[in-house]
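Chemist: Here it is, the structure, as structure tokens.
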Ligand code: HEM
């Protein structure tokens, strides 16, 4: 049959219209739109739902370059948006809240100093020591619903696990951890915008963290907050405000991301029963190789962070052939870069055993995810334990009925209803 999309002889090929971004359909499946952008407008200027104009970078090579480009600042002071719009754009950090002086809003040399200090406290070794505790937390949460034969894995599992894990690492006493669960719930439901409930939750969290830091200073333990207080570099310490902002970003950066790693990861496994069976067989045989590559592939295939956090051009630059003016916001679309056929063989295929998998799900360059070792530990433990303890776990609704929470930065499921044989 004739190809109806082929241009008539002698006319220039028509470029199809740009897809609609940020609507309901896009939140459900953004990948066709990303494929279009990569091909037709790889560095694409768009108006975000907040009204801010920004560039979207969707090809792998451009994305990697942008993430490492020092001309792109993380500091919102470089945003050229007219003053009257400031504070209304939803760009985190435009409000001068004290907790906002954190790693994701600053550049070298401040970033270098703070990152070096926190790296002394938040080490891969500390995460490795935490392995048995993550297993206990995981088992405890599964115990809570294993007898019911059904559960919403977002609310009963993926949501509480990272909150309890990071609270324990920081040294938040058990009796206070449910407060964090409430505050985090408020933030995930309503996003980072300056609305009442969220602002109140951030304030309460800050007050709590500052008090906790005070208490720990007099009674240092071997938790992460004590580690942050103790960490020094050339005689320099974190100020109290810096320590509170650091604890806050560890909570904030490590929370919704991990919820969505577990939720999106399970969703991908449910949609690929053959791959899932392979993973379950390998877990049953006591192997861990496939589990390790699987978590990386789930991150590449449908990772929790769609767009890396904001960057702002400090001077004019060219990216992917596009001129970007000083003051323009640039958003690197990690989810699009990680499906780029120029970098990944069969990018739209889920291959849990994929070896050549240098995905950008954790970012790249100086802001590369500090919590990647903890995220991997939680992701592996959560998926392996669920699939081992509840082997016949399945979706309890039609996949089309699932609803996605499409924020600007994060994408994940609102609920994940499942059923299984009660244990
Ligand atoms: C930075 C992804 C879990 C702490 C980042 C960035 C990405 C990312 C893409 C870079 C953002 C940018 O360049 O704009 C993820 C994913 C996770 C995860 C996909 C889970 C699957 C965690 C956890 C923690 C954490 C568990 C801590 C407990 C951080 C911090 C930064 C960061 C502190 C800022 C680092 C810096 O600016 O130097 N993460 N993250 N993340 N992440 Fe994660």
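The values are calculated or read from the model by the stated rules, or taken from the named source; none is laboratory data. Computed from a predicted model, the values in this text were never measured in an experiment. Quick reminder, even Gly has a Cβ in these numbers, built from the backbone with ideal geometry, and neighbours come from all protein chains shown.
Chemist: For residue 389, are the conditions met, namely being within 16 Å of the ligand (Cβ to nearest atom), out of contact with any strand residue (DSSP E or B) (no Cβ under 7 Å at 6 or more places or on another chain) and closer than 28 Å to residue 133 by Cα?
Modeler: no
Chemist: Determine, yes or no, whether residue 314 is under 23 Å from residue 73 (Cβ atoms), in contact (Cβ under 8 Å) with a residue 12 or more places away in the chain and touching a strand residue (DSSP E or B) at 6+ places or on another chain (Cβ under 8 Å).
Modeler: Yes.
Chemist: Kindly indicate whether any position in the stretch 112-129 is part of a helix (DSSP H, G or I), closer than 21 Å to residue 183 by Cα and touching a residue at least 60 places away in the same chain (Cβ under 8 Å).
Modeler: no
Chemist: For the condition under 17 Å from the mean Cα position of the chain (by Cα) and closer than 29 Å to residue 118 by Cα, what is the one hit in 235, 254, 221?
Modeler: Testing whether each residue is under 17 Å from the mean Cα position of the chain (by Cα) and closer than 29 Å to residue 118 by Cα leaves just 254.
Chemist: On the given criteria, is residue 262 modelled with pLDDT of 90 or more, buried (at least 19 other Cβ atoms within 10 Å of the Cβ) and more than 9 Å from the ligand (Cβ to nearest atom)? Quick ask: steps written out before the conclusion?
Modeler: Numbers: modelled with pLDDT of 90 or more: yes; buried (at least 19 other Cβ atoms within 10 Å of the Cβ): yes; more than 9 Å from the ligand (Cβ to nearest atom): no.
Judged against the criteria, residue 262 is not a match.
Chemist: With the requirement that a residue be part of a loop (DSSP other than H, G, I, E, B), surrounded by 14 or more Cβ atoms within 10 Å (Cβ to Cβ), modelled with pLDDT of 70 or more and out of contact with any helix residue (DSSP H, G or I) (no Cβ under 9 Å at 6 or more places or on another chain), what does the stretch 78-111 give you?
Modeler: Residues satisfying the conditions are 79, 81.
Chemist: Filter the stretch 318-339 for residues that are away from the ligand (no atom under 16 Å from the Cβ) and closer than 16 Å to residue 59 by Cβ; which is surrounded by the most Cβ atoms within 10 Å (Cβ to Cβ)?
Modeler: Restricting to residues being away from the ligand (no atom under 16 Å from the Cβ) and closer than 16 Å to residue 59 by Cβ, the top hit is 324.
Chemist: Answer yes or no as to whether residue 217 is in contact (Cβ under 8 Å) with a residue 40 or more places away in the chain, surrounded by 14 or more Cβ atoms within 10 Å (Cβ to Cβ) and either within 15 Å of the ligand (Cβ to nearest atom) or assigned to a helix (DSSP H, G or I) (or both).
Modeler: In short, no.
Chemist: Can I ask one more? Using the structure shown, decide if residue 411 is part of a strand (DSSP E or B) and either more than 14 Å from the ligand (Cβ to nearest atom) or farther than 25 Å from residue 137 by Cα (or both). Talk me through it step by step, then tell me what you get.
Modeler: Details: part of a strand (DSSP E or B): yes; either more than 14 Å from the ligand (Cβ to nearest atom) or farther than 25 Å from residue 137 by Cα (or both): no.
Spelling it out, it is not the case that residue 411 is part of a strand (DSSP E or B) and either more than 14 Å from the ligand (Cβ to nearest atom) or farther than 25 Å from residue 137 by Cα (or both).
Chemist: Quick one: how many residues across the stretch 343-381 are more than 6 Å from the ligand (Cβ to nearest atom), assigned to a loop (DSSP other than H, G, I, E, B), closer than 30 Å to residue 109 by Cβ and touching a helix residue (DSSP H, G or I) at 6+ places or on another chain (Cβ under 6 Å)?
Modeler: Qualifying residue count, the stretch 343-381: 3.
Chemist: Which one of these does residue 355 not meet: (1) closer than 27 Å to residue 423 by Cα; (2) surrounded by fewer than 21 Cβ atoms within 10 Å (Cβ to Cβ)?
Modeler: So the condition that residue 355 fails would be (1).
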